[in-house]
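Data block below; observations after.
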Amino acid sequence: MTNRFRLTLAALMTAGALLAAGPSAPAGAQEGSGEIELEAVHPAGSSLHFIVRVTDDGDPANDASVTAEAVSLSGESLTPVDLVRDDDDGHYSGPVEVPSAGLWTVRFTSTNPDATLEVDQEVELSTS
C-alpha cells in the first residue's frame, strides 16, 4: 500500500466514524430546555432580594436546585447563595449580601433542569 492510499483510507474511516456518531450540539450549548427568568429584585439594606422563575420545557420546575452568585467588576466572587422555592409555579427567591456598592453580575444557576442566567445589577447600599 502506498502512503497516499493509507492516508485516504484513514480519512474515510474517520469521516465514517463521525457520521455514525450523529450530529452534536454546538460548543457551549445546553442540553435540555431549562430556563431561568428574573422576575424581580428588591434592595434590602446591604443585600438584594431576587425572585426568579425556573421552567423546563415551559412548565414550572419545582424540583430545581437554584443558586445565585454575585461577581464584582474587579472579579471578586461571593459565595453562591441557595434560593428557596416559593410556590408550585417555579418561583425561587432569596437575598444576596453584597459588601460594596457598584456594578455586580449575578449568575443564577439551576440544576434539574440545567439552566443559567447572568444579569448585571447596579448596587446602591442603604442603611435602612
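The values are calculated or read from the model by the stated rules, or taken from the named source; none is laboratory data. Keep in mind it's a predicted model, so treat the numbers as computed, not measured. Note that each Cβ is placed from the backbone with ideal geometry, even for glycine, and that neighbours are counted across all protein chains shown. These accessible areas exclude ligands, DNA and RNA; they are computed on the full protein's heavy atoms, side chains included. Shrake-Rupley method; radii C 1.70, N 1.55, O 1.52, S 1.80 Å.
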Next on the checklist: Based on this model, can you work out whether residue 88 counts as assigned to a strand (DSSP E or B), modelled with pLDDT of 95 or more and exposed (fewer than 11 other Cβ atoms within 10 Å of the Cβ)?
Outcome noted: no
Item to check | Matching residues, the stretch 75-85, being surrounded by 18 or more Cβ atoms within 10 Å (Cβ to Cβ) and out of contact with any Gly (no Cβ under 8 Å at 6 or more places or on another chain) | outcome: 85
Checklist outcome for this item: In the stretch 67-85, anything at pLDDT 95 or above and of a type in the set (Asp, Glu) is listed as 69, 82
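Of all the residues that make up the stretch 61-72, how many are closer than 12 Å to residue 112 by Cβ, open to solvent by less than 50 Å² (accessible area, probe 1.4 Å) and of a type in the set (Gly, Ala, Ser)?
Taking the stretch 61-72 as the starting set, the residues that turn out to be closer than 12 Å to residue 112 by Cβ are 61-66.
Keeping just the survivors that are open to solvent by less than 50 Å² (accessible area, probe 1.4 Å) gives 61-62, 64, 66.
Subset that is of a type in the set (Gly, Ala, Ser): 61, 64.
Matching residues across the stretch 61-72 total 2.
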Item to check | Verdict on residue 109 being touching a strand residue (DSSP E or B) at 6+ places or on another chain (Cβ under 6 Å), among the hydroxyl-bearing types (Ser, Thr, Tyr), more than 20 Å from residue 123 (Cα to Cα) and modelled with pLDDT of 95 or more | outcome: yes
Item to check | Complete set of residues in the stretch 91-105 that are surrounded by fewer than 18 Cβ atoms within 10 Å (Cβ to Cβ) and modelled with pLDDT under 95 | outcome: 97, 99, 100, 101, 102, 103
Item to check | Residues that are at pLDDT below 95, in a strand (DSSP E or B) and surrounded by fewer than 17 Cβ atoms within 10 Å (Cβ to Cβ), drawn from the stretch 44-60 | outcome: 44
Item to check | One residue from 96, 84 being without any contact (Cβ under 8 Å) to a residue 12 or more places away in the chain and of a type in the set (A, V, I, L, M) | outcome: 84
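Would you point out the residue of the stretch 112-125, among those that are over 14 Å from residue 41 (Cβ atoms) and open to solvent by 30 Å² or more (accessible area, probe 1.4 Å), that is modelled with the lowest pLDDT?
As a first pass, look at the stretch 112-125 and keep what is over 14 Å from residue 41 (Cβ atoms): 112-116, 125.
Then keep just the ones that are open to solvent by 30 Å² or more (accessible area, probe 1.4 Å); that gives 112, 114, 116, 125.
Working: 112: 95, 114: 97, 116: 98, 125: 73.
Among residues in the stretch 112-125 that are over 14 Å from residue 41 (Cβ atoms) and open to solvent by 30 Å² or more (accessible area, probe 1.4 Å), the one modelled with the lowest pLDDT is 125.
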